[in-house]
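Participant: Questions regarding the structure given below will be posed in turn.
The values are calculated or read from the model by the stated rules, or taken from the named source; none is laboratory data. Computed from a prediction, not measured in an experiment: that's the story for all the values here. Positions of Cβ are backbone-derived with ideal geometry, glycine not excepted, and every protein chain shown enters the neighbour counts. With ligands, DNA and RNA removed, areas are computed over all heavy atoms of the protein, side chains included. Shrake-Rupley method; radii C 1.70, N 1.55, O 1.52, S 1.80 Å.
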Amino acid sequence: MRRAALALAGTLLVAASDARTLVNPILPSGADPWIVEHGGIFYFMATRGDRLAIRATRDLARLADAPEQVVWRAPASGPNSTSIWAPELHRIEGRWFLYYTASDKAADDDAHRGVWVLENRSPDPLRGEWIDRGRVNTARPGIDGTTFTVRGRRYFAYSPYVGPDSVIAIARMANPWTLAGGEAIIARPDQPWERQGGRQILEGPAFLKGPDGGLHIAYSGSACWSDDYALGLLSAAPGADPMRPESWRKAPRPVLAKSPATGIWAPGHNGFFTARARTWIVYHANNRPGLGCGQERAPHVQQVTWSREGKPVLDRPATGEAPAP
């Protein structure tokens with residue numbers, strides 16, 4: 001009995017020493033955050049407006065200590081010369097791809113926004129040459145492009161403008177920068193919570209595959225300048241065709257919303273990543289009301305768990321100490 005007790009105590013000590021923590025927010029500023037882990041390194045990106053920059057660290061709790069390295073700057077003029085938003089770094093078939101939203105300084109409006117792609121063949125995204133693959137050939141102007149695979153086939157999701165609405169659409173990809181075939185609109189802003197701030201907006205799609213093979217897309221609803229900006233969730237059953245709008249079911253309420261009690265307003269524009277065999281979410285939020293879409297939106301990280309039904313479960317958003325990847 002004594003030997004067993006000592007063994008148990010040793011196990012508890014090992015578990016305690018393995019515990020990792022971080023403090024949210026992980027940076028004082030960083031809208032539209034994105035994290036990908038590769039080879040034990042976390043790569044972080046966020047909207048910078050005129051450039052694309054990456055931070056690299058082995059410890060997200062010390063992200064602020066990692067220097068930001070600019071890997072691309074917007075040209076002085078042209079269709080991708082301003083409003084450089086929502087960068088996403090993806091590792092695809094041994095290469096790095098960077099997706100970002102951009103517009104034209106000569107016409108910086110919704111009608112001229114699109115998603116662009118850069119490619120880098122270096123094993124390290126902070127080294128090597130970034131090759132411009134141009135604008136993704138979407139059917140409509142839009143923002144917040146992302147890519148994912150389902151059963152070996154690659155897809156692209158983004159937020160196009162359709163009349164007064166911003167919606168979520170999906171298309172198949174011929175390669176990481178070219179769409180093939182038509183687009184399917186899988187969600188529209190048809191709920192009251194998606195129409196706050198004077199606009200009808202769905203944006204920032206982020207894909208997540210469930211442990212049972214179910215498909216999930218988190219998205220941001222309402223105008224980003226509203227304190228009620230929040231995350232919604234679309235889900236499709238294992239084996240469903242992501243191109244069929246009827247495959248997707250929308251959660252009736254936001255899955256991540258403002259929480260004044262824990263110091264969070266307007267949480268949104270998230271990404272998912274995997275580390276230590278667990279799933280994590282990164283999103284931005286304001287720390288007080290009325291801040292809108294400003295520079296004070298800061299990145300937060302928390303773990304994702306799963307319900308018995310295979311749906312992602314997100315804890316109430318909060319500032320302060322939290323488990324770290």
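Participant: Tally up the residues in the stretch 89-110 that are open to solvent by 10 Å² or more (accessible area, probe 1.4 Å) and either of a type outside the set (A, V, I, L, M, F, W, C) or outside any strand (DSSP E or B) (or both), please.
Facilitator: Residues that pass the stated criteria total 11.
Participant: Can you name the residue in the stretch 300-315 that is assigned to a strand (DSSP E or B), touching a residue at least 40 places away in the same chain (Cβ under 8 Å) and open to solvent by 30 Å² or more (accessible area, probe 1.4 Å) and, of all such residues, is farthest from S259 (Cα to Cα)?
Facilitator: Among those residues, the one meeting the criterion is W306.
Participant: Further question: Within the stretch 238-277, work out how many residues are of a type in the set (A, V, I, L, M, F, W, C), open to solvent by less than 50 Å² (accessible area, probe 1.4 Å) and at positive phi.
Facilitator: Qualifying residue count, the stretch 238-277: 1.
Participant: When only residues in the stretch 156-182 that are among the hydroxyl-bearing types (S, T, Y) and buried (at least 18 other Cβ atoms within 10 Å of the Cβ) count, which is nearest to R121 (Cα to Cα)?
Facilitator: Y158
Participant: Quick check: is even one residue across the stretch 280-299 under 14 Å from W193 (Cα atoms), open to solvent by less than 30 Å² (accessible area, probe 1.4 Å), assigned to a strand (DSSP E or B) and touching a Pro at 6+ places or on another chain (Cβ under 9 Å)?
Facilitator: no
Participant: For D32, indicate whether it is acidic (D, E) and either within 21 Å of N270 (Cβ to Cβ) or buried (at least 20 other Cβ atoms within 10 Å of the Cβ) (or both).
Facilitator: Yes: the conditions hold for D32.
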